Amino acid sequence: MKSVHFLPVLISALLYLFCIDANPTDANPAPTSAPSRLQVYKTYAPAKVIRNYISPLLKGSETISLFRGKIIVNASAHTHSNILEMLNQIDRRAQKVLIAFRPIITDNKRQGAVQIPSIARFSGSSTNGKITIKKRNHQIDAESIHKEEQITLLEGKTGYLRGTTERYKNTPVFADGFFTTKPTLEKNGSGHYISAIISGDMATLQLSKKTPKSINNISSPRSIQSSTEELIVPFGTWIQIPSIDGQLSTQEIRVQRAP
């Protein structure tokens, strides 16, 4: 007859009962939410702008916050996957564009059918109290009439593309006890404030005759005043500028990727 050691049997029975009490639902576990994790996103566009696109993708208790230009998201792996897919579509490094601007050259002008414009210059002298004034006409160089103005611009930024009739003038400036001259652009309305957004081989331009409210606002290139006109142009093609403020434009514009 074998002897029975009751102490090990008793301990095993107690452990079995304890396990049953401690996990009463192990047989039929209740569904739980997917584990969440923190992810830090650094984007090309401002974080406060990208947040508006990420927020609708969050579910339940998932959160989003901003810190020093970065986006911090606490969400499930599935949500992070959706965020990355969305960022790959809308967030990219801004491109540099070269924008050229010139008066429209009509067929008549190309064939020389139109007379080359000229300007009048007056000179005078005084002898024995008599004043003699001479007038002489000078033709304007045709090349200067059709001269192109160019500007290199970072996508989403706003710059000023001066008109061909606008010129720089040396303006006296008093600094450090001395007068110096500073080149200042004299605007006469022939130039344009302009910004560009690139999509494939097309550029969407925003043009305005008035100063934009925010020149460096990449998130809102349409933050220009009500006189803004939108123009969609293919790369490398000259397109006539639309009329702005009811004034018919006689200028054309071309957009290319900057080298």
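The values are calculated or read from the model by the stated rules, or taken from the named source; none is laboratory data. From a predicted model like this one, the values you see are computed outputs, not experimental measurements. FYI the Cβ positions are ideal-geometry reconstructions off the backbone, even for glycines, and counts take in every protein chain you see.
Numerical summary
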read-out	value
Residue in the range 4-24 that is of a type in the set (Ser, Thr, Tyr) and either modelled with pLDDT of 60 or more or in contact with a Lys or Arg (Cβ under 9 Å, 6 or more places away or on another chain) (or both) present	no
Count of residues meeting criterion [surrounded by 15 or more Cβ atoms within 10 Å (Cβ to Cβ) and within 15 Å of Met86 (Cβ to Cβ)] in the range 35-48	5
The range 155-199, residues that are of a type in the set (A, V, I, L, M), at pLDDT 85 or above and over 30 Å from Pro46 (Cα atoms)	Leu185
Count of residues meeting criterion [crowded, with 18+ Cβ neighbours inside 10 Å and assigned to a loop (DSSP other than H, G, I, E, B)] in the range 191-200	1
Which numbered condition Arg136 fails, given (1) in a strand (DSSP E or B); (2) surrounded by fewer than 18 Cβ atoms within 10 Å (Cβ to Cβ); (3) modelled with pLDDT of 75 or more	(3)
Residues satisfying the stated conditions in the range 201-211, i.e. in a loop (DSSP other than H, G, I, E, B) and modelled with pLDDT of 85 or more	Asp201
